[in-house]
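The structure under discussion appears below in the form of C-alpha cells.
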Amino acid sequence: MIRIDNLTKCFGPAKILNGIHASINKGECIAIIGPSGAGKSVFLRSMALLEKPDSGTILINGKDITAKDTDINKVREKMGLVAQGFNLFSHLNVMNNITLAPIQVRKQTKAQAEAHAMELLALVGLEEKAYAMPSELSGGQQQRIAIARCLAMDPDIILFDEPTSALDPVMTREVLSIIRKLSGRGITLVIVTHEMDFARETADRVFYLDEGTVYEEGKPADLFKNPVREKTRAFVKTLETLRFTITSKSYDLVAMNARIDWFCRLHGLDSRHNYRIQLAVEELIQEIFLHCFNAINPDLDLTVEHFSVNNEIVLIFKYRWELFNPFDQQAGHQDNLGMTLVTGMARSFDFEYSDGINKLIIKL
Amino acid sequence: MLNEPEIIPMDFLEKIASSFYNNLIAGDAYLVVMKGMLTTVMLSLLALLFGTILGAVFCGTRLSGRKFLEVPVRIITTMLLGSPVTLLLMLLYYVVFANSRTDALIIAILAFTLHTGAHVSEIMRSALGVLSRREWEASRMLGFSELAAFRHITLPQAWKIAKPVYQNTIVNLIQWTSVVGYVTITDLTRTLNNVGSRTGDPFFALFFGILIYMGLSWMVHGLFSIRGKRGVA
C-alpha cells in the first residue's frame with residue numbers, strides 16, 4: 001500500500017536520505033531502527049510530506065503523493081502522525097483535542113465525534129481524563145491522548161516518530177502497550193523507535209536505516225539474530241553488550257540497576273538472571289571495590305554480555321588500580337557475605353593484570 | 001465634643017453642586033460633552049478597526065520572508081513606534097494634507113490607524129513568535145488546511161497571549177486621541193476644555209473629563225473580561 005522509490009533529501013550539504021526504497025503492506029507494523037542521525041525521523045516525516053523530499057516518489061495506494069496535483073490535506077486525513085513531543089493543542093481540553101479534527105475536517109456532528117472520542121479514550125484507558133487540560137496530564141497520558149486524537153480520524157496509516165523517547169520506562173510501557181493493541185487491526189503502523197524489545201516483539205518487519213538508505217530489512221527474529229550486513233551487525237552488537245562506567249563513589253546505582261533490568265528484558269532473560277546480575281554487580285561494587293578504593297576516586301568499567309548459545313552471562317570489571325583480585329585468598333574477603341553469594345553463583349572466574357589495569361571476568 | 005463633628009462642611013457641598021450645574025447642566029452643556037465623547041469613541045473605534053487590519057498586514061509582510069517587502073515595513077513600523085503620535089498627526093494635517101480639503105477627522109483616523117497598526121503588528125508578531133510550530137504541524141497532520149489550522153489552532157492561542165497587551169493598546173489609543181484638539185477636532189478633551197474656559201472653573205470640567213476617560217478604559221477592560229469568561233477565543 002505504501003511504496004517508496006529512490007527518495008532523497010538533503011539539508012544543505014548533508015545528504016540525509018540517499019535513495020530510499022521501501023514497500024509496506026496494508027496492516028503491517030514496521031519498526032524503523034538505526035543509529036542517531038541515520039535519517040529515521042526525516043524518512044518518516046517525508047512520508048507525511050512534512051519534509052519535502054528532493055526527489056523520488058511516495059506511492060500510497062498507487063497514488064504518488066509527491067505529485068503537484070495531490071491534495072495533501074486529503075492524504076493526511078487518512079495518515080496520522082504521533083510525534084515525540086505529543087503536541088496536544090494546549091488551549092483545548094482532551095475531549096476537544098480529539099474531536100476538533102473530526103468535527104472541523106470530517107464534518108461529523110459534535111455528538112457523533114464525542115461518542116467516538118469516548119470509545120477511543122476507553123481504548124487508551126483515559127476516560128476519566130476526558131475534560132482535563134493537556135498540561136494536567138503526565139507525558140505518558142498525553143501521548144496516549146495524542147494516539148486517540150490520531151485514531152479519531154480513522155486513519156489507514158499511523159506514523160510514530162519516536163513516540164516514547166520523551167518518556168520514562170513506566171510511561172513508555174503504557175504507550176507501547178497501546179501501540180501493541182493497534183497492531184493487527186488493519187491499520188498500517190510505521191514506528192521509529194529505540195525500544196528494541198518492542199521492535200523485536202511487535203513489528204512484522206524491521207527496517208535498519210543507515211547511510212541514508214534502508215540498509216537492511218527483515219523479520220525481527222532474523223534481523224536481530226542473524227544480521228547479514230556489516231553495519232547492521234555492528235549495531236546489533238551494541239545492543240548485546242551493556243557498558244557502565246563508574247568514576248565517582250556517588251555513582252547512580254539506581255540508573256545502573258535500571259539499565260541491567262532493561263538489558264535483561266531486551267535479551268529475554270528471566271527475573272532470576274536479572275536478579276543474579278544485579279546482585280553480583282551491586283555486591284562487588286558496593287562491598288568490595290568502593291571499600292578498597294577508599295581514598296581515591298574509582299575508575300571502573302563494567303561490561304555485561306549475554307551469549308544466547310549457552311545462555312551465559314559474562315560480567316567484565318576493568319579497573320585501574322594496583323593488582324587486586326578480590327577472589328584471591330590473600331585479599332581476605334572470603335568472609336564477606338556478598339563475596340560468598342557471588343562465589344556461589346558464578347560458573348567461573350578469570351583474572352588478568354597488565355599495565356595497571358585489573359580485569360576481572362565472571363561468568364554466570 | 002458634644003456636637004457631632006461636621007465631616008463635610010455644607011458650603012463645600014453647595015459649591016460642588018453649583019459647579020456641577022454650571023459646568024455640565026446649564027445651557028445643555030452635557031449634550032455638548034456627550035457629542036465630544038462620541039467623537040472620541042468613534043475616532044478610537046475606527047482607528048482600532050483599521051489599525052488592527054493594518055497591523056495584521058504589517059505582521060504578515062514581516063513574517064512573509066520576502067526581503068523587499070519586509071525591509072520597508074520594518075522601517076515604517078520602527079518610525080511609527082519611535083515617534084509621538086501627536087507629531088505624526090500634525091505632520092499629516094499641516095504638511096501632507098495641508099493643501100487638500102480632507103476632513104480633519106479623516107486625517108486623525110489615518111494618523112491613529114498608522115500608530116495603532118505599528119503597535120498591533122508588534123503584538124501579533126510577538127504572540128505568534130512564542131506559539132509552538134509543532135502544534136501547527138499536528139493540526140496539519142490531522143488534515144487541516146493551512147487556513148483552517150490558522151483559524152482553529154494558531155489564532156485562539158495567539159489571541160490568548162496577545163489579549164492583555166491588545167487591551168492596553170486600546171486604552172492607550174483612547175487616551176492618545178485626546179490630542180486631536182490640535183487639529184481642530186472637537187473631541188471629549190477639547191469640549192471639556194471649552195466648557196472650562198466658558199465657566200471659568202476648569203477644575204471641575206477637567207476632573208470630570210478624567211472620570212469619563214477612566215470610565216471608557218474600564219469599559220474596555222470590562223468587555224474583554226466578559227469575552228474571557230465566556231471562553232470565546
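The values are calculated or read from the model by the stated rules, or taken from the named source; none is laboratory data. These numbers were taken from a predicted model, which means no experiment stands behind them. Please note: Cβ atoms are built from the backbone with ideal geometry, for glycine as well, and neighbour counts cover all protein chains shown. Accessible surface is based on the protein model in full, side chains and every heavy atom, while ligands, DNA and RNA are left aside. Shrake-Rupley method; radii C 1.70, N 1.55, O 1.52, S 1.80 Å.
Summary of values
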{"quantity": "Failed criterion for B:Val195 (all others in (1) over 28 Å from B:Ala118 (Cα atoms); (2) within 14 Å of chain A (Cβ to nearest Cβ); (3) open to solvent by less than 20 Å² (accessible area, probe 1.4 Å) hold)", "calculated": "(2)"}
{"quantity": "Condition met for A:Gln141 (open to solvent by 50 Å² or more (accessible area, probe 1.4 Å) and over 19 Å from B:Glu146 (Cβ atoms))", "calculated": "no"}
{"quantity": "All positions within region B:119-150 that are among the hydrophobic types (A, V, I, L, M, F, W, C) and touching a Cys at 6+ places or on another chain (Cβ under 7 Å)", "calculated": "B:Met124"}
{"quantity": "Residue check, A:Glu128 loosely packed, with under 14 Cβ neighbours inside 10 Å and away from chain B (no Cβ under 14 Å)", "calculated": "yes"}
{"quantity": "Subset of region A:318-364 (residues that are in contact with a Lys or Arg (Cβ under 7 Å, 6 or more places away or on another chain), closer than 24 Å to A:Asn274 by Cα and open to solvent by 70 Å² or more (accessible area, probe 1.4 Å))", "calculated": "A:Lys318, A:Arg347"}
{"quantity": "Residue that is nearest to the chain's Cα centre (by Cα) [pool: residues in region B:126-158 that are closer than 20 Å to A:Arg106 by Cβ and of a type in the set (A, V, I, L, M)]", "calculated": "B:Ile153"}
{"quantity": "Residues within region B:102-115 that are surrounded by fewer than 22 Cβ atoms within 10 Å (Cβ to Cβ) and either among the small types (Gly, Ala, Ser) or within 9 Å of chain A (Cβ to nearest Cβ) (or both), tallied", "calculated": "1"}
{"quantity": "A:Gly139 touching a residue at least 40 places away in the same chain (Cβ under 8 Å), over 15 Å from A:Gln84 (Cβ atoms) and more than 14 Å from chain B (Cβ to nearest Cβ)", "calculated": "no"}
{"quantity": "Subset of region B:116-170 that is in contact (Cβ under 8 Å) with a residue 60 or more places away in the chain and basic (Lys, Arg) - its residue that is nearest to the other protein chains (Cβ to nearest Cβ)", "calculated": "B:Lys160"}
{"quantity": "Among (1) within 11 Å of chain B (Cβ to nearest Cβ); (2) open to solvent by 30 Å² or more (accessible area, probe 1.4 Å); (3) within 26 Å of the chain's Cα centre (by Cα) - the single one A:Asn18 does not satisfy", "calculated": "(1)"}
{"quantity": "Complete set of residues in region A:259-317 that are among the acidic types (Asp, Glu) and surrounded by 13 or more Cβ atoms within 10 Å (Cβ to Cβ)", "calculated": "A:Asp261, A:Glu282, A:Glu283, A:Glu287, A:Asp299, A:Asp301, A:Glu305, A:Glu312"}
{"quantity": "Number of the exception - A:Phe11 against (1) more than 9 Å from chain B (Cβ to nearest Cβ); (2) of a type in the set (Phe, Trp, Tyr); (3) crowded, with 20+ Cβ neighbours inside 10 Å", "calculated": "(3)"}
{"quantity": "Sole exception among (1) under 25 Å from A:Asp261 (Cα atoms); (2) modelled with pLDDT of 90 or more; (3) open to solvent by less than 30 Å² (accessible area, probe 1.4 Å); (4) part of a helix (DSSP H, G or I) for A:Pro163, by number", "calculated": "(4)"}
{"quantity": "Verdict on A:Leu209 being touching a residue at least 12 places away in the same chain (Cβ under 8 Å), within 26 Å of A:Ala48 (Cα to Cα) and either assigned to a helix (DSSP H, G or I) or in the same structural domain as A:Gln112 (by TED's automatic domain parsing) (or both)", "calculated": "yes"}
{"quantity": "Matching entry among A:Gly344, A:Gly332 (being over 31 Å from the mean Cα position of the chain (by Cα) and at positive phi)", "calculated": "A:Gly332"}
{"quantity": "Looking only at region A:49-85, and only at residues there that are touching a residue at least 40 places away in the same chain (Cβ under 8 Å) and more than 26 Å from A:Cys10 (Cα to Cα), the one that is farthest from the other protein chains (Cβ to nearest Cβ)", "calculated": "A:Asn61"}
